[in-house]
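K.L.:
Here you go, one structure.
What follows draws every value from the coordinates through simple rules; no lab data is involved. Computed from a prediction, not measured in an experiment: that's the story for all the values here. All Cβ positions, glycine included, derive from the backbone under ideal geometry; neighbour counts span all protein chains shown.
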Amino acid sequence: TVRFIHITDCHFTSEHSSQKTWERFCNFMERITTELPVVFLFITGDIAVRNKSHGYKCSKQFIPDLTRRLKLESDSVFIVPGNHDLNRSAAMALQCVTEKNLSELLAHPKSRKILEMSFEEYLETLVECGAASPFFVECIHTTKRKDVCILLLNTAWLCRNSSLDRGKLSVCVN
């Protein structure tokens with residue numbers, strides 16, 4: 001049996017009520033996993049509200065705290081970005097990126113670095129949280145358990161404007 005926790009759309013903020021909610025959540029998760037330990041923690045999409053610094057600041061506190069309470073090592077924590085983890089201003093400069101050329105651009109290290117600039121603060125947060133390496137390439141990842149492989153998908157590559165994101169989610173699988 002492989003037990004895991006999947007959390008999505010955290011939208012961390014610096015608001016006191018949000019901090020109290022996450023503290024209660026961490027306490028609850030610690031209690032229920034004492035008797036039923038988990039092997040992996042997945043946090044998918046939108047760790048910050050609209051790519052705001054205060055959201056990343058809070059996530060740098062809560063993600064490591066939850067990881068510690070769940071008694072997980074960093075290689076058991078997987079985090080993928082959502083459309084709110086994208087710096088929209090930086091992404092707007094990438095108007096030439098389309099679903100047709102995304103795979104090709106991601107395949108080249110220099111153009112890939114430019115594309116990843118839209119996720120700069122998100123990436124810094126992952127490093128500070130000690131999570132497993134950032135997953136931007138959609139491929140199957142092996143884990144410390146030989147019987148478990150994971151496919152993580154970043155669907156936020158083509159997001160530019162919240163009101164226009166509908167139908168713009170794209171997966172780049174090579």
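K.L.:
Binning at 10 Å from 0, report for the range 1-52 what percent of all alpha-carbon pair distances ends up in each bin.
P.N.:
Going from the shortest bin to the longest, the percentages are 22, 46, 26, 5.
K.L.:
How large is the charge dipole for the range 1-95, taken about the Cα centre, if only the Cβ atoms of Lys, Arg (+1) and Asp, Glu (-1) carry charge, to the nearest 20 debye?
P.N.:
In total the dipole reaches around 200 debye.
K.L.:
With r defined as the distance between the Cβ atoms of residue 53 and residue 93 and R0 fixed at 30 Å, what FRET efficiency is calculated, to the nearest 0.05?
P.N.:
That gives a FRET efficiency of 0.95.
K.L.:
Past the 32 Å Cα-Cα mark, which pairs from 57/146; 52/113; 57/110; 100/146?
P.N.:
As for pairs spanning more than 32 Å Cα to Cα, those are 57/146; 100/146.
K.L.:
Right, here's the next one. Using 7 Å Cα-to-Cβ label points, what is the residue 143/residue 34 separation (nm, one decimal)?
P.N.:
Computed distance between label sites residue 143 and residue 34 equals 2.4 nm.
K.L.:
Could you derive backbone 3J(HN,Hα) for the range 83-100 from the dihedral phi with the Karplus parameters 6.51, -1.76 and 1.60 (θ = phi - 60°), listing whole Hz in sequence and x where the residue is Gly or Pro?
P.N.:
Values per residue, Gly and Pro as x: 5, 7, 8, 9, 6, 5, 5, 5, 5, 4, 6, 9, 4, 6, 7, 10, 4, 6 Hz.
K.L.:
By per-residue mean of other Cβ atoms within 10 Å, what is the highest-first order of 43-49, 70-76, 8-14?
P.N.:
43-49, 8-14, 70-76
K.L.:
If you project the alpha carbons of the range 1-123 onto the principal axes, what extent comes out on each, in Å, largest first?
P.N.:
Here the spans come out as 50, 37, 18 Å, largest first.
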